[in-house]
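Following: one structure in structure tokens, then a few remarks.
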Amino acid sequence: MTAQRCDTTDVVRDRILGAAEELICTRGIAGFTLDGVAQVAGVSKGGLLYHFRSKDSLISGMQRRMASRMAEALREAKAGSEPVLQAFVRHLRRDYERGGRSFTPLLLARERAEPCEELRSLLACIAREGGHGDGNGSTLLLLAALGLMLSSLTRLPFPLPEHASDLLDELEAAAGRFGTA
């Protein structure tokens, strides 16, 4: 495969993944169909199936992309000596403020028997490196941060959007304390 074809393939795959995230954010899980994703991505269903052979494969691709983005953000944080859990909460906040789109693969977790290995490993790493001692406090913070994101994505009435920023401030401050304890 030539470099140009590889680049084009990556661009199309990325466009399909972005379309899937958008579709989930705008139409919910019930509106997440391969036909819908293909339409939003501007590709034929056959083109979508060329890149992702099934809905399960597409969900896996979304989870891998989410894990890759988070892993990169956390590598940058570690390089700058920032606590991992605090960096995760900061990453989550930025995404939350932009509509939470990159965390939409979490809504599809029950559609698969297991989340992709990259996502499982990343979340275990955040819980492990995020705190000291037995890690229960860091795991609680991790779950609280993810819960806040999921409540936003599912449009639950609590917390109110105007309170979410305060909650994220508290989570980020607590995560920083765990990282320096």
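The values are calculated or read from the model by the stated rules, or taken from the named source; none is laboratory data. Everything numeric in this text was worked out from a predicted model, so none of it was measured. Every residue, glycine among them, receives a Cβ derived from its backbone with ideal geometry; neighbour counts consider all protein chains shown. Just so you know, the surface numbers come from the protein's heavy atoms only, side chains and all, with ligands and any DNA or RNA stripped out. Shrake-Rupley method; radii C 1.70, N 1.55, O 1.52, S 1.80 Å.
Using a probe of 1.4 Å, the accessible surface attributed to S60 totals some 10 Å² when neighbouring protein chains are kept in position. Ordering L153, S57, G47 by Cα displacement along the dipole of the chain toward the positive end leaves G47 in first place; charges were set at the Cβ atoms of Lys, Arg (+1) and Asp, Glu (-1). Tally up the carbon and sulfur contribution to the accessible surface of the range 1-156 as a whole percent, 1.4 Å probe, everything protein left in place. Summing carbon and sulfur atoms, their accessible area is 52 percent of the total for the range 1-156.
Among Q39, Q86, Q63, the largest mean-square fluctuation in a Gaussian network model of the chain, built with springs joining Cα atoms closer than 10 Å, belongs to Q39.
With contributions of -39500 (n - 2.57) from each DSSP H run of at least four residues, the per-residue ellipticity at 222 nm computed over the chain stands at -24000 deg cm²/dmol. On full extension, the segment bounded by L34 and K78 gains 12.1 nm, given 0.36 nm per residue less the C-alpha separation.
Length gained on full extension, L140 to E117, computed as 0.36 nm times the residue gap minus the Cα-Cα distance: 6.1 nm.
Just checking the listed ones, V89, V11, V37: in the Gaussian network model of the chain with Cα springs under 10 Å, the one fluctuating most is V11. Ordering T104, T26, T33 by accessible surface, largest first, gives T26, T33, T104; the 1.4 Å probe counts only protein heavy atoms, with every chain in place. An ellipsoid equivalent to the chain, defined through the eigenvalues of its Cα gyration tensor, has semi-axes of 31, 19, 14 Å when rounded to whole angstrom and sorted largest first. When the chain is treated as a GNM with alpha-carbon contacts under 10 Å, the residue of L17, L148, L156 showing the greatest mean-square fluctuation is L156. Rolling a 1.4 Å probe across the protein heavy atoms gives the range 1-142 an accessible surface of 52 Å² per residue. Given +1 at the Cβ of Lys and Arg, -1 at the Cβ of Asp and Glu and no other charges, the dipole of the chain around its Cα centre is 540 debye to the nearest 20.
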